[in-house]
C-alpha cells in the first residue's frame, strides 16, 4: 500500500482550500502575510532539525530511507504553514506589530517634516 497518496489526500482534507498553493511560496501581499510565512519557515526548520536529530523510517525501524524523508519533508512544510497561519508561536504577530510601530514612526516623522501652509 502506497503511503504517499494517503498523506496527500489527508493533507487535502485537513488544509483550507488554497493552502497548498499558498504554503509560503509566492510574494506576500502585506507585512502580516510575510511575517506568517517567515514564522512558517522557522517552524519548518525546527521540525526538519528534529527529524535529522532522530532519523528513521515511517515503518518504525531505525533505517533511514529517502521515501520517508520526502514524505516527512512535505508533511513538515504543510504542518508548519498551517501552524503559522493559526498563530504558531506568536512570532508573526510580534514581527507584524513591530513593523506597524516602525511604519507609524516613519509616517509621523515624514508628516512633521512637511512644510505647514
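The values are calculated or read from the model by the stated rules, or taken from the named source; none is laboratory data. What you see is a predicted model; the values in this text were computed from it and never measured. Here Cβ is always computed from backbone atoms with ideal geometry, including for glycine, and neighbour counts include all displayed protein chains.
Numbers below:
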item: Count of residues meeting criterion [part of a helix (DSSP H, G or I) and under 17 Å from residue 48 (Cα atoms)] in the range 61-104; result: 19
item: Total residues in the range 74-93, condition crowded, with 18+ Cβ neighbours inside 10 Å and touching a residue at least 60 places away in the same chain (Cβ under 8 Å); result: 5
item: Residue check, residue 56 out of contact with any strand residue (DSSP E or B) (no Cβ under 9 Å at 6 or more places or on another chain), at pLDDT below 80 and assigned to a loop (DSSP other than H, G, I, E, B); result: yes
item: Unmet requirement for residue 23, which otherwise passes all of (1) at pLDDT below 90; (2) assigned to a helix (DSSP H, G or I); (3) crowded, with 16+ Cβ neighbours inside 10 Å; result: (2)
item: Lone unmet requirement of (1) at pLDDT 85 or above; (2) surrounded by 11 or more Cβ atoms within 10 Å (Cβ to Cβ); (3) closer than 30 Å to residue 102 by Cα for residue 28; result: (1)
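Let's see how each residue does on (1) within 28 Å of residue 26 (Cβ to Cβ); (2) modelled with pLDDT of 90 or more:
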{"site": "49", "(1), (2)": "yes, no"}
{"site": "61", "(1), (2)": "no, no"}
{"site": "76", "(1), (2)": "yes, yes"}
{"site": "93", "(1), (2)": "yes, yes"}
{"site": "110", "(1), (2)": "no, no"}
{"site": "114", "(1), (2)": "no, no"}
